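Asks: Handing you a structure now.
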Amino acid sequence: MKKITLVCALISSCASAQYNYLDQSTLDNLNDSAFLGAPRHPVYFDSGDVARNCEDYLSLIKAHHLKETSDNYLAKTEYLSCEVHGLIQKSNKLVSNKLALPDLTPLATKLDLRSIPSSFGPQLNEINYTLSTLAQQAVQYKNNQLFINTPQQYFEFRLKAVLDLNSSTIPDWVIWMVDESKQGTYKAYATLIVMDAQPDAPTWQAQKFRQVYQGQSSD
């Protein structure tokens with residue numbers, strides 16, 4: 001795994017952008033000096049502005065919402081890695097010196113799915129609101145992913161980074177969500193953040209990228 005000092009040399013805000021876990025693809029992006037300006041499919045904002053690379057996207061998403069069209073949301077998937085990059089730049093002090101992948105089990109047992117939009121919505125209630133209560137036997141783990149793959153659905157949480165985004169002693173988890181129906185047209189992809197991912201907490205709540213990136217309490 002690449003050393004932090006090598007990665008930081010290529011981040012303009014290295015003094016504040018520190019972390020204690022990044023997955024390999026995120027490390028690779030941080031080591032790519034052309035990453036932020038690399039051309040991508042355009043995404044359109046309600047302001048009339050258009051983003052065609054990470055720099056444009058991270059600048060526009062602070063003040064504007066994406067246009068709500070299926071093509072736009074599909075193109076937006078190319079910018080999920082930009083969102084992770086933006087959060088790294090926003091991060092504060094080093095949480096710990098460990099770069100090891102943490103135990104992903106809390107994403108299945110603690111993350112309250114009622115805190116995020118997903119295809120599980122109609123099934124959620126006061127008793128069943130985590131992946132482990134909804135589909136315990138179906139949850140599989142592989143590297144930095146946990147996922148459900150059934151004839152009806154593919155659902156995945158992928159841990160991308162563990163950062164400090166709120167100057168606390170408890171790390172914040174940055175995860176990608178993939179939610180795809182195999183029997184319909186529903187598809188959702190998002191960068192989510194669990195602030196203060198306390199292992200001993202009874203439940204975890206997730207927030208959307210834009211909410212955290214703007215520093216707001218609601219999206």
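The values are calculated or read from the model by the stated rules, or taken from the named source; none is laboratory data. Because the structure is a prediction, the values reported are computed rather than measured. So basically every Cβ, Gly included, is an ideal-geometry build from the backbone, and we count neighbours across all protein chains shown.
Asks: Can you say whether GLU55 is surrounded by fewer than 17 Cβ atoms within 10 Å (Cβ to Cβ) and either modelled with pLDDT of 95 or more or not polar (S, T, N, Q) (or both), as far as the supplied structure shows?
Replies: yes
Asks: Among the helices (runs of 4 or more DSSP H) contained in region 23-97, which hold 3 or more residues that are under 15 Å from the mean Cα position of the chain (by Cα)?
Replies: Result: 24-30, 80-90.
Asks: Just checking, how many residues over region 167-201 are touching a Phe, Trp or Tyr at 6+ places or on another chain (Cβ under 7 Å) and more than 23 Å from PRO106 (Cα to Cα)?
Replies: Within region 167-201, residues that are touching a Phe, Trp or Tyr at 6+ places or on another chain (Cβ under 7 Å) and more than 23 Å from PRO106 (Cα to Cα) number 1.
Asks: Ok, one more. How many of the residues making up region 28-39 are touching a helix residue (DSSP H, G or I) at 6+ places or on another chain (Cβ under 9 Å), surrounded by fewer than 18 Cβ atoms within 10 Å (Cβ to Cβ) and modelled with pLDDT of 95 or more?
Replies: Summing the residues that are touching a helix residue (DSSP H, G or I) at 6+ places or on another chain (Cβ under 9 Å), surrounded by fewer than 18 Cβ atoms within 10 Å (Cβ to Cβ) and modelled with pLDDT of 95 or more in region 28-39 gives 3.
Yes/no matrix, rows are residues, columns are (1) surrounded by fewer than 21 Cβ atoms within 10 Å (Cβ to Cβ); (2) more than 23 Å from LEU60 (Cβ to Cβ); (3) of a type in the set (A, V, I, L, M, F, W, C):
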residue	(1), (2), (3)
LYS160	no, no, no
THR169	yes, yes, no
MET195	yes, yes, yes
GLN198	yes, yes, no
PRO202	yes, yes, no
GLN205	yes, yes, no
LYS208	yes, no, no
GLN211	yes, no, no
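Asks: Pairs needed: first member in region 58-72, aliphatic (A, V, I, L, M); second member anywhere, loosely packed, with under 15 Cβ neighbours inside 10 Å and not in a helix (DSSP H, G or I); C-beta distance under 8 Å; at least 6 residues apart or different chains.
Replies: LEU60/SER47; LEU60/ASP49; ALA63/SER47; LEU66/ASP46
Here is a yes/no grid of residues against (1) farther than 21 Å from THR105 by Cα; (2) in the same structural domain as SER81 (by TED's automatic domain parsing); (3) without any contact (Cβ under 8 Å) to a residue 60 or more places away in the chain:
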{"site": "THR133", "(1), (2), (3)": "no, no, yes"}
{"site": "ALA138", "(1), (2), (3)": "no, no, yes"}
{"site": "ASN144", "(1), (2), (3)": "no, no, no"}
{"site": "ILE148", "(1), (2), (3)": "no, no, yes"}
{"site": "ALA161", "(1), (2), (3)": "no, no, no"}
{"site": "LEU165", "(1), (2), (3)": "yes, no, no"}
{"site": "THR203", "(1), (2), (3)": "no, no, no"}
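Asks: So ASN92 passes all but one of these: (1) over 20 Å from ILE175 (Cα atoms); (2) surrounded by 14 or more Cβ atoms within 10 Å (Cβ to Cβ); (3) modelled with pLDDT under 95. Which condition number does it fail?
Replies: Condition (1) is where ASN92 drops out.
Asks: Which ones in region 23-73 are in contact with a Phe, Trp or Tyr (Cβ under 7 Å, 6 or more places away or on another chain) and either assigned by TED's automatic domain parsing to the domain that holds TYR189 or of a type in the set (Phe, Trp, Tyr) (or both)?
Replies: TYR57
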